[in-house]
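The values are calculated or read from the model by the stated rules, or taken from the named source; none is laboratory data. Note that the coordinates shown come from a computational prediction; the quantities given were computed from them, not determined experimentally. Cβ placement follows ideal geometry from the backbone for every residue including glycine, while neighbour counts extend to all protein chains displayed.
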Amino acid sequence: MSIVYLNGEYLPQQEARISVMDRGFLFGDGVYEVVPVFNGHLFRWDQHLNRLQRSLAEIRIDLDWDHDKWQKMLRTLLLKNPGRTQTLYIQVTRGAGVTRRHGFPTEAEPTVFAMLSPLESHLPDSLNKVSPIHAITLQDHRWQRCDIKSISLLGNVLHHQEALDAKVDEAILLNARGELTEGSATNVFVVKDGEISTPPADRNILGGVTRDLAIELINTDARYTCSERIIPKDELFLADEVWITSSNREILPVGVIDGCTVGTGQPGAVWHHVAGLYQAFRQQSGNAGLKPATN
Ligand code: PDD
């Protein structure tokens with residue numbers, strides 16, 4: 001049975017309770033992180049913690065947790081939920097006010113919640129076993145601060161469900177000017193003639209930890225280069241390859257968009273190379289991330 005962390009306690013998931021006055025419940029007033037656990041260790045924890053702290057600061061939640069406090073809680077949670085490949089969800093809300101009012105309650109203490117679940121969608125060991133996903137394009141109807149990892153995910157949820165209703169895996173979003181932003185729960189890369197591009201990490205997208213790692217690996221390896229630039233819709237359909245990235249899905253090729261085949265429809269050579277770099281990095285750092293407490 002999964003043991004979760006809630007406001008200082010470790011308890012079975014079914015027993016965890018929050019107040020109906022919690023602002024996460026009433027207003028979607030909070031932020032979150034999703035961190036993969038590979039080989040029993042949290043992968044890219046420092047990068048996820050930096051983003052969480054940035055999201056908290058952007059929405060003005062003052063949470064008095066330093067690096068050590070996060071580390072202590074997470075190591076205990078990992079110990080209570082053994083597993084080599086999992087996904088960690090962390091949510092911090094503004095807490096429960098006495099009454100429902102829009103302004104920040106002065107009396108509320110932030111609610112801190114964390115849970116681990118099995119991670120099924122990650123890359124298989126052999127990249128040859130990866131099947132390209134299918135996607136549709138949709139107009140991005142979300143708000144203007146997509147850089148904050150907010151729990152107010154209604155826009156993302158509706159976009160994603162539209163993709164599932166269309167029997168595809170992901171919705172690729174375009175702004176009102178027809179420029180690529182990101183997926184409903186992923187970042188997007190395009191490849192043309194060996195050149196890799198992804199939209200800039202401005203307020204219109206979430207700056208993905210996987211996106212940043214992919215860019216870093218591509219530029220360090222130097223076989224290819226990656227530019228962050230505006231990508232018009234046409235380029236999606238003319239691309240040799242399109243990929244999506246996220247902590248849970250890692251780096252996946254897209255084979256079909258709006259019913260049109262991308263490139264050959266099969267995982268491309270550039271994806272193969274970059275996914276290989278990513279896997280090698282993950283294996284090398286497999287024992288270096290945050291790990292369970294030993295006592
Ligand atoms: N989503 N863009 C959006 C809108 C996302 O929701 C996510 C991740 C990403 C990729 O970010 P990262 O590489 O840091 O996971 C980009 C997570 C996995 C989720 O909401 O479940």
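Taken over segment 226-247, the criterion of being within 16 Å of the ligand (Cβ to nearest atom) and of a type in the set (Gly, Ala, Ser) is satisfied by Ser246, Ser247. Within segment 73-116, can you find the residues that are of a type in the set (Lys, Arg) and in contact (Cβ under 8 Å) with a residue 24 or more places away in the chain? Of everything in segment 73-116, those that are of a type in the set (Lys, Arg) and in contact (Cβ under 8 Å) with a residue 24 or more places away in the chain turn out to be Arg75, Lys80, Arg84, Arg94, Arg100. One residue stands out in segment 207-219 among those that are within 10 Å of the ligand (Cβ to nearest atom) and assigned to a helix (DSSP H, G or I): the one that is surrounded by the fewest Cβ atoms within 10 Å (Cβ to Cβ), namely Asp212. Restricted to segment 137-150, and to residues there that are under 25 Å from Val256 (Cα atoms) and assigned to a loop (DSSP other than H, G, I, E, B), the residue that is nearest to the ligand (Cβ to nearest atom) is Arg142.
Yes or no: segment 41-53 includes at least one residue that is over 18 Å from Asp212 (Cα atoms), within 12 Å of the ligand (Cβ to nearest atom) and in the same structural domain as Trp65 (by TED's automatic domain parsing). So far as segment 41-53 goes, no, none of its residues is over 18 Å from Asp212 (Cα atoms), within 12 Å of the ligand (Cβ to nearest atom) and in the same structural domain as Trp65 (by TED's automatic domain parsing). For segment 267-295, a residue qualifies if it is in contact with a Gly (Cβ under 7 Å, 6 or more places away or on another chain) and at pLDDT 95 or above, and exactly one does: Val270. Residue-level check: of (1) on the phi < 0 side of the Ramachandran plot; (2) modelled with pLDDT of 95 or more, Lys167 misses just (1). When segment 24-40 is limited to residues that are surrounded by fewer than 18 Cβ atoms within 10 Å (Cβ to Cβ) and of a type in the set (Gly, Ala, Ser), the one that is nearest to the ligand (Cβ to nearest atom) turns out to be Gly28.
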